[in-house]
Amino acid sequence: MNPVELWGLIRRTGRIAQPAPARTTSPDTAGDSAGDKAGNTTKDPAADSAGQDLSVLAGSVQVRHVDCGSCNGCEIEIGAAFGPVYDAERYGARLVASPRHADVLVVTGVVTRNMARPLVRTVEATPRPRVVVAVGDCAAGHSVYAAGYAVDGSVADHVEVDLVVPGCPPSPDQIIEALRRVTRR
Amino acid sequence: MTRLHPTPSHEIAAADLHGAVAELLGEGWRLALVAGHDDPDALRVVQLWLRPVGERREIVVRVSHEDPRLPTLADVSFPAGRFERELLDLFGIHPEGHPMPQRLVRHAHWPNGWHPMRRDAAADPVFDDDLGSFPFLQVAGDGVYEIPVGPIHAGLIEPGHFRFSVVGETILRMKARLWFVHRGMERLFQGRTPEAAIELAERVSGDTAVGHTLAFVQAVEDALAVKVDPETAARRALLLELERLYNHVSDLGAMANDVGFGIPHIHAQRLRESLLRHNAALTGHRLLRGAIGVGTARLQCEPDLSLIASVAAEVVELAALTLGHSVVLDRFTRTGALPAEQARAIGVLGYVARASGVSIDARADHPSADLGPDFVPITETSADVRARYAVRAREFASSALLVPRLTRLAAAGGLGRSETQPGPGRSLPEVDPRGGEARPTAAEPRRPVGGPCAGVGVVEAWRGTLCHRVELAEDGTLSRVKIVDPSFFSWPAMPVALADTIVPDFPLVNKSFNQSYAGNDL
Ligand code: SF4
C-alpha cells in the first residue's frame, strides 16, 4: 500500500460526517420524562411508551443490538446511523459487543419462536438502569410477519419497551434522534 | 393439478426418483428448488432443475398422507439432503436412509409431530420451554475445547448459533445452527393475491428486496403468461445491479475492517450511503422497495450515471489500497479456502462459487434481460478470502458498467409509469407498463386461464441465484410460494472453509461469505 495515496484519499474527502441536525429535545425539558412528553408531542418521532426517566443515562450510552426476527433491513439503517455519515458516536452512543456492557438495547424484528428466549435472556443480562429501544415497525408491533406460525408476539409482549422508532426501516436520522433522547446530546 | 406453465414437468413414482435424479445430475442439471405441497389427496414434492442456458425441468412425486416417506437423495446430492430435512420439518415427509435427518427449521422446543406447512397443523400448538440446549457432536481429544457463539453475536449481524471445536487457535470443526429468524414466510404468502404479497417478497431478506421481489413476480408472470416488454426487463435488471452495488461496496469495506484496516471501511460506508440516497431518489425507498410489481417496474427519475461512475472509480481506488496492503493481503490469502471440488459438491452459489472458480451466474445461465455481448460471469481461482474480495471488487466494476447500458435500454419505455411525461425527444411507447393488461385491483386479481397454475422465477441476486416457485389457485390467489435464497445453498460451505482456519479469522471468513440469515431461515 502506498501511504501517500491513503493520505490523498483522506485529504481529498475531507469531513464525511454530515452537519449535526438540531436536537429536538431541549436541554431544559429533557430532564424529566413528563416535561419531555409535553415538549415533544409533535416533533419527536420516537414515542416514549413506558414513561421511564430516560435522562438517567445522559451523557454517554453503550448500545447493544438484538435482532429477534428482522428482515435485516433495520440492521442496514442502524449500521448507517453508526457509520461515518450520521456518526451516532458524536452524540455519545456507541455500539458494544455484549449486553453486559450495554445501557441501551436496540431491538429489531418481530419476535420469532426461536428468538423469544434469547431476547428475554439478553435483556436480563443487561445491567440496570437500562433502556430498551424498539427499532422498526416489526419491533413496534406492526409487523408484516405478525401472523406467521413461527412468530411469538412482538417485543413489548416479552420485555418492557421504553422507546419506539417507527418505520420500515426507520431512517438513520430517526434512529439517531431516538438515541439522542437517551444521551441528551 | 393442471399445469399451464412452460417448465416441462414429469411425474414419477417414488421408487424411480433416485435413478431419475442421478441421471439429471449426470446430464449437468442443478437442483435449484424443492417445494412440498399438501394437496387434498396426497403430499406432493416438486423439484425444479436448471441447466444453462435457460433450461428448466420439474420432477413431481407424490406420497400418501398415511405413509409419507421418500427415498433419500442425500447420497447423490448434498443440497437434496438439506431440502429433505426441510421437508421433514415443515411437511413431515420422511427421507428414508438419510444419513443425518436431524431437525433443521424446528428447534428442539418445537412440538414433535407438528409440521406447520400441513393443512391440518394445529394453529397454536404447545411449545416446550426453549432451554437453548442443542446436541452438538462433541470432538474429543487432548486439548480440544469448545467455543459456543450466539445466537446473538458481538457485531451488528443477524442471529445464529455457532459451535467451534478448537485446539490451540485452530478450528477443528465448526457447526452452525440457523433458523433463529424463521418467521414462516412461505405460509404468509398463501391466500394473498400476488399484488398483496409484494410487501412480503420485499421483506424476505431486507438487503435483497429487488432479488426476491423480482424472482417472485417472474414466477407469477410465468404462471399467468404475462409478457414483460424489454424496457421493463431492462429497468428490473438495472434495479438488480443497483442492489448488487450497494451490498458489494459495504462488504468490500467490512472485509478490510475485519483485518484492522478501517479507513477503506469508512470510505466504503460513505459510498454506500450515497448509493442508498440514490436508491431513494430513484424508487422512493433506500432499499429499492416499491419499484417492482407484477408486469411492471417503475422508476421515479433517471439514474444518475455520473454518480455511479464516480463511485465505481472510488471503489477501484479502495480495492487497490486494500489489496496493495501487504498485511491485508497476508490475512486474505489462503484464508478460508473452499476448493472448487467442494464448492461444486455442496452446491454453493454466487460470489462464493465464482471465487472458487465455479462459473455460475443466472444473468448468463438464465438471462431475463439483454446485458450485451460483453457481460461474462467473473471468476477467480484461489478460492480464499482474497478471491471472494476480488470477485466482489470486479463485479462492482462490471455492474457499474451495466448501469448506463440498462438505463439506455430502459429509456425507450420512459420510467415505467403511466403518468410519466415524455421527455424532450423521447416519446412513450403505446404499451401499458403493467404488462398490457388493465391493472387488477386487490379485490379482482388476475385469474389464471383454465384453472390453477404454477410458475418459476430465477434471478441472479447479489448473493447468487435465487428462485421462487408459485402456485395460483383458480381465484387468482397464491396457494403456495416456495422461496430459495442462495444462502440456503452456500451456508453449509462455511464450516468446510473454516477447517484448519484460526479462530481470529472466523469473522473475516464469515464476512467473505456474508450469507443471509433472514433469507435462509424464511
Ligand atoms: S421493520 Fe421493516 S425493515 Fe425492519 S425488520 Fe421489519 S420488515 Fe424489515
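The values are calculated or read from the model by the stated rules, or taken from the named source; none is laboratory data. None of the values given here were measured: they were computed from a predicted structure. Ideal geometry is used to build each Cβ from the backbone, glycine not excepted, and the neighbour counts take in all protein chains shown. For the accessible areas, the whole protein counts, side chains as well, though only heavy atoms, and no ligand, DNA or RNA atoms are used. Shrake-Rupley method; radii C 1.70, N 1.55, O 1.52, S 1.80 Å.
Hey, got the dipole for the stretch B:128-265? About the Cα centre, +1 on K and R Cβ, -1 on D and E Cβ, debye to the nearest 20?
140 debye
Please list, ordered by chain and number, the residues whose modelled amide H lies under 5 Å from the amide H of A:PHE82; skip anything fewer than 5 residues away on the same chain.
Amide H to amide H, under 5 Å and 5 or more residues apart or across chains, A:PHE82 pairs with A:ALA88.
Taking the Cα centre of chain B as the origin and placing charges on Cβ (Lys, Arg +1; Asp, Glu -1), which of B:GLY476, B:ALA364, B:LEU498 is farthest toward the positive end of the dipole?
The one lying farthest along the dipole's positive direction is B:ALA364.
In peptide A:149-156, what is the residue-averaged number of other protein chain Cβ atoms found within 10 Å of each Cβ?
4
In the stretch B:117-224, with Lys and Arg counted as +1 and Asp and Glu as -1 at Cβ, which of these residues, B:ALA154, B:THR193, B:GLY206, has the Cα nearest the positive end of the dipole, that is, farthest along it?
B:ALA154
How much of the DSSP beta bridge set in the protein assembly as shown is antiparallel, as a percent to the nearest 5?
The antiparallel fraction comes to roughly 70 percent.
What Kirkwood hydrodynamic radius do you get for the protein assembly as shown when you take the inverse of the mean 1/r over all pairs of distinct Cα atoms, in Å?
26.3 Å
If you count only protein heavy atoms and use a 1.4 Å probe, how large is the accessible surface of B:LEU415, to the nearest 10 Å²?
20 Å²
Around B:ARG103, what is the net charge, scoring Lys/Arg as +1 and Asp/Glu as -1 over all other residues with Cβ under 11 Å from its Cβ?
That sum, taken over residues with Cβ under 11 Å, equals +1.
Give, in nm to one decimal, the length gained when the segment between A:VAL4 and A:GLU160 is fully stretched (0.36 nm per residue of separation minus the Cα-Cα distance).
Here the segment from A:VAL4 to A:GLU160 would lengthen by 51.0 nm.
Accessible area per residue of the protein assembly as shown at 1.4 Å probe, in Å²?
Per-residue accessible area for the protein assembly as shown comes out at 37 Å².
Hey, if you put +1 on the Cβ of every Lys and Arg and -1 on every Asp and Glu Cβ in the protein assembly as shown, which of B:VAL294, A:ILE78, B:GLY455 ends up farthest toward the positive end of that dipole?
So the residue furthest toward the plus end is A:ILE78.
How much of the DSSP beta bridge set in chain B is antiparallel, as a percent to the nearest 5?
Beta bridges within chain B, antiparallel portion: roughly 90 percent.
Could you state the number of Å between the C-alpha centres of the stretch B:270-335 and the stretch A:110-149?
About 31 Å separates the Cα centre of the stretch A:110-149 from the one of the stretch B:270-335.
Carbon and sulfur: what percent of the protein assembly as shown's accessible surface (1.4 Å probe)?
53 percent
Based on the mean of other Cβ atoms within 10 Å per residue, sort peptides A:123-129, B:79-85, A:67-73 so the most packed one is first.
Result, highest mean Cβ count within 10 Å first: A:67-73, B:79-85, A:123-129.
Could you rank B:SER487, B:SER398, A:SER60 by how accessible they are, 1.4 Å probe, largest area first?
From most accessible down to least: A:SER60, B:SER398, B:SER487.
Run a plain Debye calculation on the stretch B:301-342 (Cα atoms as equal point scatterers, no solvent) and give log10 I(q)/I(0) at q = 0.34 Å⁻¹, rounded to two decimals, same order as the q list.
After summing over all Cα pairs, the log10 values are -1.03.
Could you compute the FRET efficiency for B:TRP114 and A:GLU89, with r as their C-beta to C-beta distance and R0 at 51 Å, rounded to 0.05?
With a Förster radius of 51 Å, E is 0.65.
Please calculate the 1.4 Å probe accessible area of B:VAL503, with all protein chains present, and give it to the nearest 10 Å².
Number for this one is 40 Å².
Quick check on packing: order B:111-123, B:311-323 by the mean number of other C-beta atoms within 10 Å, highest mean leading.
Peptide ranking by packing, descending: B:311-323, B:111-123.
Taking all protein chains together and a probe of 1.4 Å, list B:ARG446, B:ARG334 from the most accessible to the least accessible.
From most exposed to least exposed: B:ARG334, B:ARG446.
For the stretch B:1-95, with only Lys/Arg (+1) and Asp/Glu (-1) charged at the beta-carbon, what is the dipole magnitude about the Cα centre, in debye rounded to 20?
The calculated dipole for the stretch B:1-95 is roughly 340 debye.
Total Å² of accessible surface buried at the A-B contact, 1.4 Å probe, nearest 100?
About 4500 Å² of accessible surface is lost on pairing.
Around B:ARG331, what is the net charge, scoring Lys/Arg as +1 and Asp/Glu as -1 over all other residues with Cβ under 15 Å from its Cβ?
Net charge in that neighbourhood comes out at -1.
For A:8-15, what's the mean count of beta carbons from other chains sitting within 10 Å of each residue's beta carbon?
For this peptide, the per-residue mean of nearby foreign Cβ atoms is 2.
At 222 nm, what helix-only mean residue ellipticity would chain B give, in deg cm²/dmol to the nearest 500, using -39500 (n - 2.57) for each DSSP H run of four or more?
After summing the helix terms and dividing by the residues of chain B, the value is -11500 deg cm²/dmol.
Determine the shape class of the stretch B:128-197: with a ≥ b ≥ c the square roots of the Cα gyration tensor eigenvalues, call it rounded for a/c under 1.5, and otherwise prolate if a/b is greater than b/c, oblate otherwise.
Prolate shape, in that a/c is at least 1.5 and a/b is the bigger ratio.
What accessible surface, in Å², does a 1.4 Å probe find on B:VAL259, ignoring ligands, DNA and RNA and rounding to the nearest 10?
Accessible area, nearest 10 Å²: 20 Å².
What's the local net charge at B:THR170, with K and R +1, D and E -1, over the other residues with C-beta under 11 Å away?
Within the 11 Å Cβ shell, the charges total -2.
Please give the charge dipole size of the protein assembly as shown, origin at the Cα centre, charges +1 on K and R Cβ atoms and -1 on D and E Cβ atoms. Round to the nearest 20 debye.
In total the dipole reaches around 1200 debye.
How big is the Cα convex hull of chain B in projection, averaged over all directions, in nm²?
24.5 nm²
Could the peptides B:159-169, B:10-20 be put in order, highest first, of the mean number of other beta-carbon atoms found within 10 Å of their residues?
So the order, starting with the most tightly packed, is B:159-169, B:10-20.
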